[in-house]
Amino acid sequence: MSTREYYVGVDVGTGSVRSSLLSKDGTVIASSSQDTKTWRDDKDHRIFEQSTTDIWSAISKTIKACLEQAKIAPELVKGLGFDATCSLAVTDLEGEPITVTKGGDIGLRGERNIILWADHRAEKEADLINNTGSVVLDYVGGKMSLEMEVPKVLWLKNNIPAERFSNCQFFDLPDFLTYRATKDTTRSCCSVTCKCSFVPKTGWHNDFFKLIGLGQLVLNEYVQMGANKGEVLTAGMPVGTGLSKQAAEELGLVEGTAVGSALIDAYVSTPRASQTN
């Protein structure tokens, strides 16, 4: 029986997916990249949209390419980790993509279901949030960027029919990837704290969400946002029971392979830095 162990790291950037196969000591054995799509709007320069379906396909292709390059059997891969941009991924409560493109189909199933980090449609919503003076803002430097997730969720609430909005769940993209891989909705501390207004130790602040017009999230006990029981994972902690059967087949890996809690790309070097201080 082989004692070799390998790990896969996946970096989802603004314009491409990059996957690497690493040995246990951190040596890069193989790597592969694949471009991803971004949709713009000719009439609105603020719009940047992507697709979780397109991104997952790129992840599948690059992981399989790494295994092929290295001639490594899937069962030798013992763990998988993701980082990604702080973009808002929207699905229905069953995990199917929900379109975020303004128009008659918004809130229905559709491919363009990511509001990219660079999208600036939520300026009015961010201004409203910043005028509240809420203590929540203290955890984001005193001012919430319109590139964060809560302004984008509020924009969707203001533009999606109420019955459609109630059927949506919202993920920071790194957390969507672990959900897609495992079918487990547990969120990462990195994503919900840095981009979604979850406060360490005290969790979601009901008064804040009611004040800005997202009281529905409170009524639904934050099922749409995750971490509804205050449970979050720090970087690298195992998510659920590992790769689902479906995801394993799509990625060319083995069901149950460990999946680590994800990180936003800007924070991904932090765990390593703490080890090399």
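The values are calculated or read from the model by the stated rules, or taken from the named source; none is laboratory data. Everything numeric here is computed off the predicted structure, so don't read it as measured data. Virtual Cβ from ideal backbone geometry, glycine too; neighbours counted across all protein chains shown.
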Go through segment 187-197 and report how many residues are crowded, with 24+ Cβ neighbours inside 10 Å and either part of a helix (DSSP H, G or I) or over 14 Å from the mean Cα position of the chain (by Cα) (or both). 5
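Among the residues in segment 116-126, are any farther than 25 Å from I55 by Cα and either among the polar types (S, T, N, Q) or surrounded by 14 or more Cβ atoms within 10 Å (Cβ to Cβ) (or both)? Steps first, please.
Keep residues of segment 116-126 that are farther than 25 Å from I55 by Cα, which gives 123-126.
Now restrict to residues that are either among the polar types (S, T, N, Q) or surrounded by 14 or more Cβ atoms within 10 Å (Cβ to Cβ) (or both): 125-126.
Yes, because at least one residue in segment 116-126 is farther than 25 Å from I55 by Cα and either among the polar types (S, T, N, Q) or surrounded by 14 or more Cβ atoms within 10 Å (Cβ to Cβ) (or both).
Kindly provide the set of residues from segment 44-69 that are over 19 Å from A258 (Cα atoms) and either at pLDDT below 95 or hydrophobic (A, V, I, L, M, F, W, C) (or both), ordered by number.
Applying the first criterion (over 19 Å from A258 (Cα atoms)) to segment 44-69 yields 44-55, 57-58, 61, 65, 68-69.
Scanning segment 44-69 gives I47, F48, I55, A58, A65.
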Return yes when L88 is surrounded by 16 or more Cβ atoms within 10 Å (Cβ to Cβ) and within 30 Å of T257 (Cα to Cα) and no when it is not. yes
